[in-house]
1. Given a cut-off of 28 Å, name the pairs among A:LYS41/A:LYS80; B:LYS181/B:LYS219; A:LYS80/A:LYS179; A:LYS111/B:LYS9; B:LYS10/B:LYS219 whose C-alpha atoms lie farther apart than that in the structure shown.
2. Have a look at B:ALA201, B:ALA163, B:ALA145 and tell me which one the Gaussian network model of chain B (Cα, springs below 10 Å) gives the largest fluctuation.
3. Using Cβ counts within 10 Å as a stand-in for footprinting exposure, how do B:ARG173, B:ARG150, A:ARG85, A:ARG161 rank, fewest first?
4. What translational diffusion coefficient, in µm²/s and rounded to a whole number, does the Stokes-Einstein relation yield for segment B:90-151 at 10 °C and a viscosity of 1.306 mPa s, taking the hydrodynamic radius as the Kirkwood radius over Cα pairs?
5. In deg cm²/dmol and to the nearest 500, what is the mean residue ellipticity at 222 nm of the protein assembly as shown if only DSSP H runs of at least 4 residues count, each as -39500 (n - 2.57), divided by the residue total?
6. In what sequence do A:THR130, A:THR93, A:THR62 fall when counting other Cβ within 10 Å, fewest first?
7. Tell me whether chain A comes out rounded, prolate or oblate; compute the Cα gyration tensor, take square roots of the eigenvalues as a ≥ b ≥ c, and use a/c under 1.5 as the rounded threshold.
8. For segment A:158-195 and segment A:70-124, what is the separation of their C-alpha centers, rounded to whole Å?
Amino acid sequence: MDGDLNNSILFSARLSLQVAWVATAFIIVTGVPAAYFLARKDFKGKELIDIIFTLPLVLPPTVTGYYLIVIFGRNGLIGKMIYDRTGFTIMFTWYAAVLASFVVALPLMVKTARAAIESVDRNLINASYTLGHGEIETALRVILPLAKKGIIAGIVLSFARAMGEFGATLMLAGNIPGKTDTMPLAIYSLAISDEWTQAHTMVILLTIMSGLFLYIANIYTKRSI
Amino acid sequence: MMGLSVSLKKKVKGFTLDAAWEIGDELAVLFGYSGSGKSLTLQMIAGLIRPDDGMIRLDSKTYFDNSAGIDDPPQLRAFGYVFQDLALFPHMTVFRNIIFGAPEIPKDEKVSRAKEMIEAFKLTGLEDRYPSEISGGQKQRAAFARALIRQPDALLLDEPFSALDHPLRLEMRGFLQEVRKRFAIPVILVTHDFDEASFLADKIIVYSHGKVAQVGSLKEVMNQPSSAEVQMLADTKKV
């Protein structure tokens, strides 16, 4: 019994890390370019896009999860197309946990990175152009390096948020032991079934993991000025 | 036709710039009160701000011609630009700042040319320092080296000495004359310091409320000012 429990704690811990890393990887790949465009470009509907990106930050995660079901569920707008063609549905898989964490944590990345990119000195960007560098070169060698602190902060916040994701994950991925029960979900299950000792263990483990991650991130941010 | 010729029209909030002038291989000073459109002119020449109408031509190349639909981006215009705050990249060493100014040159040549610039601009020993670790005068020289490494066809200077204290400013005047000798290209210097203008200028272009009030040599501007305002500008520094 003890061995089983240890196994399930270990499983949840590993799943949580896996979901958070994968979600964060997608967040970096999409969030940094999105932040760049929102910070540097003027286009129609820009503020609308910003609002859509920000909404998951203020909506209850269950509502975000509800929208995700409407879009990606087996009968959802996109989910049905995928299911009809391939027989695959993302619902109740660990991919769903990644998707939920991605959507909920993305605003933290976009907001933080956008602010950092907007605060890069206009003259430094202009200097890069007058020195013969085009836009991509300037973005990669001047703007992003100078916004690095804000971007790292965004990554840290997104990862931490993804690790702690609960509501949207519950809606989309369910809480299936040994399959989709990340640490927050496992803790919830343990608490409602009165298994306080095990819940304690997991709460402490999650807290230490998050704290350790923030500590590493702080060291890195301080070193890289 | 060699040299730089511009005609620029630009409306910004409550201000209209409408100026045209040309210079040859000489040092021209854009002179006038703050807010008369001097810096705006420089930024439009470099391609950082788009004029509403007009034309910008350097030697035989046209960089901007509104009626012909020509508007080259700043990276394709062969100007060296020194900003008022110098705009050295804080995350790059002096060496990397300078080398950043020569993107289209092959790597080996880039390095050897950067070494030449470092020696010529008396920056030897400072290659691995960051801009925050060098003095004001050294920063000036690094900014000039960075702007000149790719051998631009003209040099645009937006009040680069305004933040320096007086003795250093005098030193930088001498330095700028050396630069002129080494790189025989047109130089446009924006300043509102008449002393500086009179010391350096081959030609003075006086700006007033977004228009060119007078173009001429120092003597002409001082002895035959075209208006009461030009006279006042010149008189303030005449001792």
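1. Numbers: A:LYS41/A:LYS80 35 Å; B:LYS181/B:LYS219 23 Å; A:LYS80/A:LYS179 23 Å; A:LYS111/B:LYS9 38 Å; B:LYS10/B:LYS219 30 Å.
Checking Cα-Cα distances, A:LYS41/A:LYS80; A:LYS111/B:LYS9; B:LYS10/B:LYS219 exceed 28 Å.
2. B:ALA163
3. On the way: B:ARG173 14, B:ARG150 17, A:ARG85 8, A:ARG161 22.
By the 10 Å Cβ count, ascending, the order reads A:ARG85, B:ARG173, B:ARG150, A:ARG161.
4. Values: Rh = 11.2 Å.
The estimated diffusion coefficient comes to 142 µm²/s.
5. One gets -17000 deg cm²/dmol as the mean residue ellipticity at 222 nm.
6. Values: A:THR130 25, A:THR93 17, A:THR62 12.
Sorted ascending by nearby Cβ count, the order is A:THR62, A:THR93, A:THR130.
7. Oblate is the answer for chain A, as a/c is 1.5 or above yet b/c matches or exceeds a/b.
8. Rounded to whole Å, the Cα centres lie 18 Å apart.
Each value in this text was obtained by applying a stated rule to the coordinates, not by laboratory testing. Quick caveat, the model's predicted, so the values are computed rather than measured. Every residue, glycine as well, gets a Cβ built from its backbone with ideal geometry; the counts of neighbours run over all protein chains shown.
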